[in-house]
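Data block below; observations after.
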Amino acid sequence: MRNAEATKERILDAAMTEFSAYGIAGARVDRVAAEAGCNKNLIYIYFGNKESLFTAVLGHYLVPAYEHLAFTPDDVAGYAGRVFDFSMANPKLMRLLAWHSLEQSTEAPSERGASHAAKIRALSDARKAGAIGGAFPPEFLLTVIMTVATAWTAANAFSMSTGTEAARHQAQLRKRVTAAVRLLAAAETM
């Protein structure tokens, strides 16, 4: 049993590298198998097809982030800073998310939708309690927080910095991200 779990882990690691580099359409299961040191058929036995493997990889690496990045609706600037740190430290995952958004050919892990809905509810409650301003609807505010916090990753098409430049100025960028989110969250009117 341990051997099967170790093999699955190697497959997920190899698939992360493959999918983050090539997306779903460009990824090749034979390259994943070679990198994982297993038979290609074993991948199909464990995961079914390439799309299911992609979803499994996304869930394997993304779902733990929800636990690691505790959402704090009363301190959305702090949350944005943690998301910024996480996105800068996990470029493969950020590229994987970009491919998922671009290709839209696989399901997202169910935890992703549940986490998003919980954050919207928490922002709505924080707004009602006066912890955040009311200028922006919770859905909009969460989208802006996530966009600003991940804007300097290599996967973002609008990033003005290269990965090297962003790394050099990471502390300054983080301060700007948290300041921008703090202002947005405090805004009362537009």
- Item | Extreme residue, surrounded by the fewest Cβ atoms within 10 Å (Cβ to Cβ), among residues of region 23-45 that are in contact (Cβ under 8 Å) with a residue 40 or more places away in the chain and out of contact with any Ser or Thr (no Cβ under 7 Å at 6 or more places or on another chain) | 25
- Note on the structure: residue 147 meets each of (1) more than 16 Å from residue 75 (Cα to Cα); (2) modelled with pLDDT of 90 or more; (3) surrounded by 13 or more Cβ atoms within 10 Å (Cβ to Cβ) with one exception, condition (3)
- Show the residue pairs that are 6+ apart or on different chains and have beta-carbon atoms under 6 Å apart, the first residue being within region 58-86 and more than 20 Å from residue 98 (Cα to Cα) and in contact (Cβ under 8 Å) with a residue 40 or more places away in the chain, the second being polar (S, T, N, Q) and surrounded by fewer than 16 Cβ atoms within 10 Å (Cβ to Cβ). 78/72; 79/72
- Restrict the check to region 61-79 and report whether at least one residue is in a helix (DSSP H, G or I), under 12 Å from the mean Cα position of the chain (by Cα) and modelled with pLDDT of 90 or more. yes
- Which of (1) closer than 30 Å to residue 23 by Cβ; (2) at pLDDT 95 or above; (3) loosely packed, with under 14 Cβ neighbours inside 10 Å does residue 121 not meet, given it meets every other one? (1)
- Query: Filtering region 46-92 down to residues that are β-branched (Val, Ile, Thr) and more than 27 Å from residue 133 (Cβ to Cβ), which residue is surrounded by the most Cβ atoms within 10 Å (Cβ to Cβ)?
  - Reply: 57
- Message: I'd like the full set of residues that are assigned to a helix (DSSP H, G or I), hydrophobic (A, V, I, L, M, F, W, C) and touching a Lys or Arg at 6+ places or on another chain (Cβ under 8 Å), limited to region 15-31.
- Response: 16, 21, 24, 29
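The values are calculated or read from the model by the stated rules, or taken from the named source; none is laboratory data. All values derive from a computational prediction rather than experimental measurement. A quick note on method: Cβ atoms are made from the backbone with ideal geometry, for glycine too, and the neighbour counts reach across all protein chains shown.
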